[in-house]
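Peer 1: Before I ask anything, here is the structure I am working with.
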Amino acid sequence: MAHQQTELELQAAQMIPTADEVAGIFAVQTHDHKKSDAQYAHVMDNLGFGIDFTDYMAHATWTEPEGWHNKVIEPYGPLSLDPGSSVLHYGQEVFEGLKAYRHADGSIWTFRPSYNAVRLNYSSGRLAIPELPVDDFLASIVDLIRMDQRWVPEGEGTSLYLRPFIIASESFLGVRAASRYEYVVIASPSGPYFAHGFQPIDVWVDQKYHRAGPGGMGDAKTGGNYAASLLPKIEAHHHGFDEVMFLDAQTNSNVDELGGMNVFIVMADGSVKTPKLTGNILPGGTRSSIIQFLEDERIAVEEATINIDWLVDGLRSGEVKEVFACGTAAVVTAIGRIAGENFDITIPTGDMTRHVYDELTSIQLGKAEDRFGWLYKISE
Ligand code: COI
């Protein structure tokens, strides 16, 4: 059955203002403590992922009754936070990840920022955090990038990774939703998420730990889900694996996601499957884009329950040809080995994984037609 647009996709597809229309909502506080030319050159010549940050950050505060106010682009630097701030104790926070790309003509673009804006609000709803107007989200991105333009790298696999987040900043130790929040966007000039670039990763299928359970927060982008994935990841690293594949908590037998990435499998007949959104899986923007452009190319995509035994059997029989992971940070990554308690299978990288990577990055970098209207121009 063809993909049914999700509520997030429908909301994200609504008309949004242009960058010029929202520019200036965040007032700029210029400063003289920018990174030196030598520091700048060092960072841009040695791009890692999420290691170095730019000269500015966006910041706004929410209180009752003012709502979101004090919207500024301020010098990048430490936040002043009371040690009693409830985020430090109960983890009331949400975040997003999106990228700005420099096209060949020097112009700067982001990709589906409205999806991130509406997903941030979805996550906030689950964490009892007040919504941020979509225009404020867009303005924070536009105003920040326009001040930090020099940090948008050019070249294959590079981007300015943007990390919007909201934290509960009220100093109060009772367990209830806070009455004060900080919205912050930081930006990090980045190369590939995996230091080894477009190399297949080895994945451990974990049947001991889960990242989320029914009725939990698995489909919200909140730090707690990522914290839950860290110990399993350390244990997997000890056994020589790069990432962990989590199974559903209810049956311990169906593929959920990798913790920071969604999963796709490619069948021998050329069709594609991905775990359906059960409420425990992050509704990834990259996942959504891949489903839409593959269907547009007349490739059948099924959002399905993917039983791990069925997947293992399919890989052994050749019915399943490729497995790949995707996310904003990592883009598209082939899974080259998948192992669990009683199986260990090597998977050759196939054409579909490469095709999906090429198609997605070509749209993002302005090399292919933007046939879905996903690109959002920040500056010439
Ligand atoms: C992203 O892909 O942007 C993510 O948020 C995954 C990870 C870096 C947390």
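Where a number appears in this text, it was derived from the coordinates with a stated rule and is not lab data. From a predicted model like this one, the values you see are computed outputs, not experimental measurements. Using ideal geometry, Cβ is built from the backbone for each residue, glycine included, and neighbour counts are taken over all protein chains shown.
Peer 1: Using +1 at the Cβ of each Lys and Arg and -1 at the Cβ of each Asp and Glu in the stretch 20-157, identify which of 43, 142, 61 lies farthest towards the dipole's positive end.
Peer 2: 43
Peer 1: A further question follows. Consider a paramagnetic label point 7 Å from the Cα of residue 14 along Cα→Cβ; state which residues of the stretch 129-163 have an amide N under 17 Å from it.
Peer 2: Correct set: 131-139.
Peer 1: For the stretch 1-90, give me the percentage of DSSP beta bridges that are antiparallel, rounded to the nearest 5 percent.
Peer 2: 80
Peer 1: Given the options 47, 231, 132, state which has the largest fluctuation in a GNM of the chain using a 10 Å cut-off (strictly under) for Cα springs.
Peer 2: Top of the fluctuation ranking is 231.
Peer 1: Would you mind putting 117-130, 29-42 in packing order, based on average other-beta-carbon counts within 10 Å, highest first? Present the calculation step by step, with values, prior to reporting the outcome.
Peer 2: On the way: 117-130: 19.9, 29-42: 11.4.
Order by mean packing, descending: 117-130, 29-42.
Peer 1: Quick one: compute the contact order of the stretch 144-198, relative version, from alpha carbon pairs under 8 angstrom and 6+ residues apart, as a percent.
Peer 2: 39
Peer 1: Next up: Rounding to the nearest 10 and keeping the result within 0 to 90°, find how far the Cα-based axis of helix 285-296 lies from the longest principal axis of the chain.
Peer 2: 60
Peer 1: Highest mean first, what order results for 295-306, 270-281 on Cβ atoms within 10 Å?
Peer 2: Most protected by this proxy first, the peptides run 270-281, 295-306.
Peer 1: Let me ask you something else. For residue 351, put the label point 7 Å out on the Cα→Cβ axis and report which residues of the stretch 256-287 keep their amide N under 14 Å from it.
Peer 2: 267-271
Peer 1: Dipole size in debye (nearest 20) for the chain around its Cα centre, Lys and Arg Cβ +1, Asp and Glu Cβ -1?
Peer 2: Roughly 320 debye, rounded to the nearest 20.
Peer 1: Based on the Cβ-Cβ distance from residue 251 to residue 195, what FRET efficiency comes out when R0 is 45 Å, to the nearest 0.05?
Peer 2: 0.80
Peer 1: Work through the residues other than residue 110 whose Cβ is under 9 Å from its Cβ and net out their charges, Lys, Arg +1 and Asp, Glu -1.
Peer 2: So the environment of residue 110 carries a net charge of +3.
Peer 1: Quick one: putting +1 on the C-beta of Lys and Arg, -1 on the C-beta of Asp and Glu, what dipole do you get for the stretch 245-301 around its Cα centre, in Debye to the nearest 20? It would help to have the intermediate numbers written out before the result.
Peer 2: Working: 4 positive and 7 negative charges, 9 e Å.
Dipole of the stretch 245-301, to the nearest 20 debye: 40 debye.
Peer 1: Moving on to the next point. If amide H atoms are built 1.01 Å from N in the plane of the peptide, which residues on other chains or at least 5 residues away come under 5 Å of the amide H of residue 49?
Peer 2: Result for residue 49 returns 191.
Peer 1: Name the shape class, rounded, prolate or oblate, that the alpha-carbon gyration tensor gives for the chain, where a ≥ b ≥ c are the square roots of its eigenvalues, rounded holds for a/c under 1.5, and otherwise prolate holds if a/b is larger than b/c and oblate otherwise.
Peer 2: The shape class here is prolate.
Peer 1: Can you run phi through the Karplus equation (6.51, -1.76, 1.60; θ = phi - 60°) for the stretch 200-213 and list ³J(HN,Hα) in whole Hz, with x for Gly and Pro?
Peer 2: After applying 6.51 cos²θ - 1.76 cosθ + 1.60, I find x, 9, 9, 10, 9, 8, 8, 10, 9, 10, 10, 8, 7, x Hz.
Peer 1: Next question, about the same structure. Projecting each Cα onto the charge dipole of the stretch 136-273 (Lys/Arg +1, Asp/Glu -1 at the beta carbon, about the Cα centre), which of 152, 244, 162 comes out farthest on the positive side?
Peer 2: 162
Peer 1: Relative contact order, percent, of the stretch 196-286 when contacts are C-alpha pairs under 8 Å separated by at least 6 residues?
Peer 2: 32
Peer 1: Ok, one more. Pick out which of 246, 293, 324 has the largest mean-square fluctuation in a Gaussian network model of the chain, springs linking Cα atoms closer than 10 Å.
Peer 2: Comparing 246, 293, 324 in the GNM, the peak value goes to 293.
Peer 1: Residue 356: net charge of surrounding residues, Cβ under 12 Å, Lys/Arg +1, Asp/Glu -1, itself excluded?
Peer 2: That works out to -3.
Peer 1: Follow-up. Using the per-residue mean of other Cβ atoms lying within 10 Å as a proxy for protection, in what order, highest first, do the peptides 358-369, 13-24 fall?
Peer 2: Peptide ranking by packing, descending: 358-369, 13-24.
Peer 1: In whole angstrom, how far apart do the alpha carbon centroids of the stretch 174-201 and the stretch 347-380 sit?
Peer 2: 22
Peer 1: Tell me, what is the percent relative contact order of the chain, built from C-alpha pairs under 8 Å that lie six or more residues apart?
Peer 2: On the way: 784 pairs, mean separation 73.1, N = 380.
Computed over the chain, the figure is 19 percent.
Peer 1: Springs between alpha-carbon atoms under 10 Å, Gaussian network over the chain: tell me which of 79, 160, 98 tops the mean-square fluctuations.
Peer 2: Among 79, 160, 98, the largest mean-square fluctuation in the Gaussian network model of the chain belongs to 79.
Peer 1: Evaluate E = 1/(1 + (r/R0)^6) for residue 5 and residue 309, where r is the Cβ-Cβ distance and R0 equals 35 Å; express this FRET efficiency to the nearest 0.05.
Peer 2: That gives a FRET efficiency of 0.65.
Peer 1: Please name whichever of 335, 317, 306 sits farthest to the positive end of the charge dipole of the stretch 253-380, dipole taken about the Cα centre and charges placed at Cβ: Lys and Arg +1, Asp and Glu -1.
Peer 2: Farthest towards the positive end: 335.
Peer 1: Per residue of the stretch 106-112, in order, report the coupling 6.51 cos²θ - 1.76 cosθ + 1.60 (Karplus, θ = phi - 60°) as ³J(HN,Hα) in whole Hz, putting x for Gly and Pro.
Peer 2: Those phi angles translate into x, 5, 10, 9, 10, 10, 6 Hz.
Peer 1: Structure shown: which of 99/233; 34/71; 99/221; 35/377; 35/99 lie over 18 Å apart, alpha-carbon to alpha-carbon?
Peer 2: 99/233; 34/71; 35/377; 35/99
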